[in-house]
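> The structure under discussion is supplied below as structure tokens; questions concerning it will follow.
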Amino acid sequence: MVTKSFPKQTTRREILRAGGALAGAGVLAGLLPGTLLSKPKAGSGNLQQIASSADRLAQMRAGWATIPLQTAKLRDNIYLLSGPGGNMVVLSGADGKVLVDSGIAAAAPKIKQAMDGFGGAPLKLLVNTHWHFDHTDGNEAMHQAGAVIIAHENTRKRLSTPQDIAAFGLHFDPAPADAWPQQTFTDGTKLYFNGEQLTLVHFPPAHTDSDIYVRYENANVLHMGDVWFNGTYPFIDPSTGGNIGGMIAGAAQGLAIVDADTKIVPGHGPVGDKAALVKSHDMLVTVRDRVRDLKAAGKSKEEAVAAKPTADLDSAWGKGTINGDVFVTLVYTTL
Ligand SMILES: [Zn+2]
């Protein structure tokens, strides 16, 4: 479901406060897509707020740009690229490279340089796991470098039209046309490249309404996009269809197609395995159940947050972009 307006001031202030604390580290930037100008909203749209919103986003992009690009080999001819944006995966070979997600635009030269170092033929395809900025900001550069961009239909829809992330009070103009996927699908599609089969499958709305996973069938690697944050509470984007029920279902969908040897790439956090994904799934269920009980008992969102239902979990899961209070707010809002 699309939640057009995030429940009001308290929530928004809390989230912005949490985000502000982390923006310096460039972490929150990862959640934020688009081309970056705020617009006035009824009752809150003064010039100062607009400027601070745009400035905050510019700071986030700059923060991401300072994070070094790291490379790691996952399997023969399959590499992880991490740092400036969401986790990226490269499949290399004689047919041409397939890149999953494109990081932030400022990192595009480094990403291209790293891919050149893997040998094989030049970049041919770019797959987006979803529409968010930290996974698509490099799209324009990668397309201009020769890549055809493939993604879910909703990723093209989101990138080619104005978007808002109400939880952060942010508005995004359409991305440049070269950044839009040239090829889209609705349920799924398959790519046969370099002796590998890549299976792309749409998740029902989870983190957004545009999420897919990418499964490397022969290599036994799975890229979950932002349907999995390994080791932290995830961001859920209610403005573009995200909801806690979908996140739980998405984790279960991933678990159903992996085994103990599968290397599972999250959108954010270290590469993990089935056991780690089980832990995340179970945490999501626990928080969902607790917040649902509070909501069912008639607690308001503020009362639910004040009840600290994640107090025993926060030391383990609340150290990322999303702290316990923000996560409870996101869960409550999307139940
Ligand atoms: Zn995302």
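> Between 142, 88, which is modelled with pLDDT of 95 or more and more than 16 Å from the ligand (Cβ to nearest atom)? Outline the logic, then answer.
Details: 88 fails: more than 16 Å from the ligand (Cβ to nearest atom).
So the residue among 142, 88 that is modelled with pLDDT of 95 or more and more than 16 Å from the ligand (Cβ to nearest atom) is 142.
> Report, ordered by the first and then the second residue, all pairs with beta carbons closer than 9 Å, sequence separation of six or more or different chains, a first member in region 222-248 that is in a strand (DSSP E or B), and a second member that is near the ligand (Cβ under 9 Å from one of its atoms) and of a type in the set (A, V, I, L, M, F, W, C).
Partner pairs satisfying both residue conditions: 229/235.
> Now for a separate question. Have a look at 83, 93 and point out the one that is surrounded by fewer than 24 Cβ atoms within 10 Å (Cβ to Cβ) and over 14 Å from the mean Cα position of the chain (by Cα). Steps first, answer last, please.
Working: 83 fails: over 14 Å from the mean Cα position of the chain (by Cα).
The conditions single out 93.
> Let me ask something else about it. Could you figure out which of (1) closer than 28 Å to residue 194 by Cβ; (2) charged (D, E, K, R); (3) modelled with pLDDT of 95 or more isn't true of residue 158?
Of everything listed in (1) closer than 28 Å to residue 194 by Cβ; (2) charged (D, E, K, R); (3) modelled with pLDDT of 95 or more, residue 158 misses just condition (1).
> Next question, about the same structure. Taking into account only those residues within region 209-226 that are of a type in the set (Val, Ile, Thr) and over 15 Å from residue 77 (Cα atoms), which is farthest from the ligand (Cβ to nearest atom)?
Here is the first cut: in region 209-226, the ones of a type in the set (Val, Ile, Thr) are 212, 214, 221.
Applying the additional criterion that residues be over 15 Å from residue 77 (Cα atoms) yields 212, 214.
Numbers: 212: 12, 214: 15 Å.
Out of the qualifying residues, it is 214.
> If I ask for residues that are basic (Lys, Arg) and under 18 Å from residue 196 (Cβ atoms), which ones from region 74-126 would you list? Explain how you work it out, then say what you get.
Of all residues in region 74-126, those basic (Lys, Arg) come to 75, 97, 110, 112, 124.
75, 97, 124 - these are the residues of region 74-126 that are basic (Lys, Arg) and under 18 Å from residue 196 (Cβ atoms).
Yes or no, residue by residue, for (1) within 16 Å of the ligand (Cβ to nearest atom); (2) closer than 30 Å to residue 121 by Cα; (3) without any contact (Cβ under 8 Å) to a residue 40 or more places away in the chain:
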site	(1), (2), (3)
152	yes, yes, no
168	yes, no, no
172	yes, no, no
178	no, yes, yes
184	no, yes, yes
188	no, yes, yes
199	no, yes, yes
207	yes, no, no
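> Further question on the same structure: Find all pairs meeting these conditions: Cβ atoms under 8 angstrom apart; at least six residues apart or on different chains; first residue within region 81-103 and without any contact (Cβ under 8 Å) to a residue 24 or more places away in the chain; second residue away from the ligand (no atom under 16 Å from the Cβ) and open to solvent by less than 10 Å² (accessible area, probe 1.4 Å).
Listed pairs, sorted by first residue: 88/81; 88/99; 88/111.
> Hey, can you tell me all the residues within region 224-262 that are open to solvent by 10 Å² or more (accessible area, probe 1.4 Å) and among the β-branched types (Val, Ile, Thr)?
Correct list: 232, 248, 257, 258.
> Tell me which of these residue 131 doesn't satisfy, since it passes every other one: (1) open to solvent by 10 Å² or more (accessible area, probe 1.4 Å); (2) closer than 30 Å to residue 261 by Cα; (3) outside any strand (DSSP E or B).
(1)
> Anything in region 191-210 that is in contact with a strand residue (DSSP E or B) (Cβ under 7 Å, 6 or more places away or on another chain) and assigned to a loop (DSSP other than H, G, I, E, B)? List them, or say none. Step through it out loud before you land on a result.
Step one: list which residues in region 191-210 are in contact with a strand residue (DSSP E or B) (Cβ under 7 Å, 6 or more places away or on another chain), which gives 191, 193-194, 196-203, 210.
Hits for region 191-210 are 194, 203, 210.
> I'm checking my understanding of the structure. Among residues of region 96-123 that are part of a loop (DSSP other than H, G, I, E, B) and away from the ligand (no atom under 16 Å from the Cβ), which one is least open to solvent (accessible area, probe 1.4 Å)?
First, pick out the residues of region 96-123 that are part of a loop (DSSP other than H, G, I, E, B): 96, 101-104, 117-122.
Checking the rest, the ones that are also away from the ligand (no atom under 16 Å from the Cβ) come to 96, 117-122.
Values: 96: 1, 117: 67, 118: 38, 119: 29, 120: 62, 121: 24, 122: 102 Å².
Looking at residues that are part of a loop (DSSP other than H, G, I, E, B) and away from the ligand (no atom under 16 Å from the Cβ), I get 96.
> Among the numbered criteria (1) touching a residue at least 24 places away in the same chain (Cβ under 8 Å); (2) surrounded by fewer than 19 Cβ atoms within 10 Å (Cβ to Cβ); (3) assigned to a loop (DSSP other than H, G, I, E, B), which one does residue 322 miss?
(2)
> Another question, if that's okay. Go through region 85-106 and report how many residues are closer than 15 Å to residue 151 by Cβ and of a type in the set (Ser, Thr, Tyr).
The total comes to 1.
> Follow-up. Scan region 56-95 residue by residue and report those that are touching a strand residue (DSSP E or B) at 6+ places or on another chain (Cβ under 9 Å) and assigned to a helix (DSSP H, G or I). Reasoning before the result, please.
First pass over region 56-95, keeping only residues touching a strand residue (DSSP E or B) at 6+ places or on another chain (Cβ under 9 Å): 56-57, 64, 67-75, 77-83, 86-93, 95.
Once the filter is applied, which keeps residues that are touching a strand residue (DSSP E or B) at 6+ places or on another chain (Cβ under 9 Å) and assigned to a helix (DSSP H, G or I), region 56-95 yields 56, 57, 64.
> Another question about this same structure. Please go through region 165-190 and pick out each residue that is assigned to a strand (DSSP E or B) and charged (D, E, K, R).
Matches in region 165-190: 173, 190.
> In region 96-111, what residues are more than 15 Å from residue 65 (Cβ to Cβ) and either among the basic types (Lys, Arg) or over 17 Å from the mean Cα position of the chain (by Cα) (or both)? So that I can check it myself, show each step before the final result.
Of all residues in region 96-111, those more than 15 Å from residue 65 (Cβ to Cβ) come to 96-101.
Matches in region 96-111: 96, 97, 98.
The values are calculated or read from the model by the stated rules, or taken from the named source; none is laboratory data. In this text the structure is predicted, and so the values were computed from the model without any measurement. Positions of Cβ are backbone-derived with ideal geometry, glycine not excepted, and every protein chain shown enters the neighbour counts. Surface areas here come from the heavy atoms of the whole protein model, side chains and all, with no ligands, DNA or RNA. Shrake-Rupley method; radii C 1.70, N 1.55, O 1.52, S 1.80 Å.
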